[in-house]
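To keep things clear, I will list the structure first and then write my remarks on it.
The values are calculated or read from the model by the stated rules, or taken from the named source; none is laboratory data. Small disclaimer: the values here were computed from a predicted structure and weren't measured. Note: ideal-geometry Cβ built from the backbone for every residue, glycine included; neighbour counts use all protein chains shown.
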Amino acid sequence: MKAGIIGLGYVGLITAINLRAIGIDVTGIDVDAKKIELLKEKKSYIYEPGTDNLLERYNLPASTDVKAIADADLVLITVGTPSNDDGSQNLTYFISAVKSLQDINYKGAVVPRSTILPGTTDSYVTPYFEHVGYNPEFLAEGRANEDFIHPDKIVIGYKDEYTRDIMKKLYEGIKAPIIETDIKTAEMIKYANNAFLASKISIANELGNITKKLNIDVYKVTDAIGLDSRIGKKFLNAGIGWGGSCFKKDISALVQISRIHGYEPEIFNAVLKQNDLQPLKIIDILRARTEIKGKNIGLLGLSFKPETDDIRDAPSIKIASALLDEGAIIHAYDPRAMNNFKNYDDKFKNIDYCENAKQCVERSDAVLILTEWNAFKDDRLYPADKIIIEGRRIRGKEGVCW
Ligand code: UDX
């Protein structure tokens, strides 16, 4: 079986190389010639544990010319669908990927995998191709290769039997429950998944804000409620709020489409609002302990979670901005994300980026731990007489919700 993948960003690259690992003849397409060159050298341009090894071992043929996948049995579309300023989805790349397949009169199954609102495939793809489906991804950064090979579920939305059958064949090598559904439902499952996960974390954070006032450790509470099998233990870690490229974008798009249909989704509005405020709670706690103006404040961790250099929607952005506005001198260290952070905003250029965690702690009067990198878990890093406040639970000493 031959498969094509259009869009070799994060999701496309992980999908393509893992499909090759399970024996599918995949070719990747991207408009960016630099990516294709790097793939020829078997080099990854994203930071995701395990990807370099997979590329070295399985090699991903790739091209800028969509004709290279003209004879594929199916094509997955994995281009980015970023948010417009009003939260609506920007389909520019998606529409141009679909058009490139129309231009070569492609006859196989066209299966978007980008996150797109319910109805998008039926509006922009279904009218133009005989075989159409939708196949959402649930890859979490830092563990995406593992998530691909051992997923909790595979969702296959389809219009026709050819697409259903070829998609089932594509995933034959992976052991997971398969959910077969219509296309619109498959699109909705992705949003529901992310909306639920983000809301679950926000509930833990809200509980944490309350327990902090009551002098109760929220982790004792969430560990206990997590044992109720109806609740479950995962995604109950309270802290400075969720970040990353998906949760905010997806919930905002869900709110937007809901409004278009005349319904105001109060729960998701509240989740977005709560998460906007959550990062700043750590500054309130810091302010109660020390003056901020003119003080040296250390930030340990800038990425939105460990094992990634990604800072998209990272709580560190809001926290660093607010501290700079209050006149703090910031010293920061992150094992991977310092370059991205420096280039995110001109005002972040003047931050003192340290060589390691120890240096960052030494140069600071008070330290905020913003990402739970393993390197920050060593107790010896933290002198007993220094203010150390955790935004992510590392040691369970003073923290944003505990
Ligand atoms: C998420 C979904 O998990 C994934 O299925 C989807 O495809 C894309 O979005 P990702 O954004 O990579 O993946 O990271 P995830 O591990 O879900 O974490 C998101 C944010 O929530 C991080 O900032 C993380 O620190 C935070 N988080 C996670 C918590 O604050 N508490 C938790 O208990 C779990």
Only listed residue being charged (D, E, K, R), within 15 Å of the ligand (Cβ to nearest atom) and out of contact with any helix residue (DSSP H, G or I) (no Cβ under 6 Å at 6 or more places or on another chain), chosen from Arg57, Arg113: Arg113
Residue, farthest from the ligand (Cβ to nearest atom), within segment 281-292, restricted to residues that are surrounded by fewer than 17 Cβ atoms within 10 Å (Cβ to Cβ) and either of a type outside the set (Val, Ile, Thr) or under 19 Å from Asn209 (Cβ atoms) (or both): Glu291
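Matching residues to (1) farther than 27 Å from Arg230 by Cα; (2) within 12 Å of the ligand (Cβ to nearest atom); (3) in the same structural domain as Pro315 (by TED's automatic domain parsing):
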site: Asp165; (1), (2), (3): yes, no, no
site: Leu170; (1), (2), (3): yes, no, no
site: Lys175; (1), (2), (3): no, no, no
site: Met188; (1), (2), (3): no, no, no
site: Asn194; (1), (2), (3): no, yes, no
site: Leu197; (1), (2), (3): no, yes, no
site: Ser202; (1), (2), (3): no, yes, no
Where a residue in segment 274-293 is part of a loop (DSSP other than H, G, I, E, B) and its partner, wherever it lies, is β-branched (Val, Ile, Thr), with Cβ under 8 Å and at least six apart: Thr290/Ile387; Ile292/Ile283
Residue match in segment 226-234 (condition: over 19 Å from Ala140 (Cα atoms) and either touching a Phe, Trp or Tyr at 6+ places or on another chain (Cβ under 7 Å) or within 15 Å of the ligand (Cβ to nearest atom) (or both)): yes
Those helices (runs of 4 or more DSSP H) lying entirely in segment 120-186 with at least 2 residues among the β-branched types (Val, Ile, Thr) and in contact (Cβ under 8 Å) with a residue 40 or more places away in the chain: 120-124, 161-170
Matching entry among Pro151, Pro136 (being within 12 Å of the ligand (Cβ to nearest atom) and in contact with a strand residue (DSSP E or B) (Cβ under 7 Å, 6 or more places away or on another chain)): Pro136
Test: residue in segment 368-376 that is within 15 Å of the ligand (Cβ to nearest atom) and surrounded by fewer than 16 Cβ atoms within 10 Å (Cβ to Cβ): yes
Number of the condition not met by Ala238 [criteria: (1) more than 13 Å from Leu197 (Cβ to Cβ); (2) under 21 Å from the mean Cα position of the chain (by Cα); (3) more than 10 Å from the ligand (Cβ to nearest atom); (4) crowded, with 21+ Cβ neighbours inside 10 Å]: (3)
Test result for Ser245, surrounded by fewer than 17 Cβ atoms within 10 Å (Cβ to Cβ), of a type in the set (Ser, Thr, Tyr) and either within 16 Å of the ligand (Cβ to nearest atom) or in a helix (DSSP H, G or I) (or both): no
Scope segment 384-402; condition out of contact with any Phe, Trp or Tyr (no Cβ under 9 Å at 6 or more places or on another chain), away from the ligand (no atom under 12 Å from the Cβ) and part of a loop (DSSP other than H, G, I, E, B); matching residues: Ala384, Asp385, Lys386, Glu398
Selection from segment 248-262 of residues that are touching a helix residue (DSSP H, G or I) at 6+ places or on another chain (Cβ under 6 Å) and within 14 Å of the ligand (Cβ to nearest atom): Asp250, Ile251, Leu254
Pair list, Cβ < 6 Å and 6+ apart or interchain, from segment 35-52 residues that are among the charged types (D, E, K, R) to residues that are part of a helix (DSSP H, G or I) and surrounded by 15 or more Cβ atoms within 10 Å (Cβ to Cβ): Lys42/Leu55; Glu48/Ala144
Count of residues meeting criterion [over 22 Å from Leu381 (Cα atoms), among the aliphatic types (A, V, I, L, M) and more than 10 Å from the ligand (Cβ to nearest atom)] in segment 293-315: 1
Residue list for segment 204-221, restricted to those being in contact (Cβ under 8 Å) with a residue 24 or more places away in the chain, of a type outside the set (Phe, Trp, Tyr) and part of a helix (DSSP H, G or I): Ala204, Asn205, Glu206, Leu207, Gly208, Asn209, Thr211, Lys212, Val218
First in segment 222-245 and within 19 Å of Leu368 (Cα to Cα), second anywhere and more than 12 Å from the ligand (Cβ to nearest atom) and in a loop (DSSP other than H, G, I, E, B), Cβ under 8 Å, 6 or more apart: Ala238/Trp402
Segment 264-279 - residue that is of a type outside the set (A, V, I, L, M), touching a helix residue (DSSP H, G or I) at 6+ places or on another chain (Cβ under 9 Å) and loosely packed, with under 13 Cβ neighbours inside 10 Å and, of those, farthest from Ala204 (Cα to Cα): Glu264
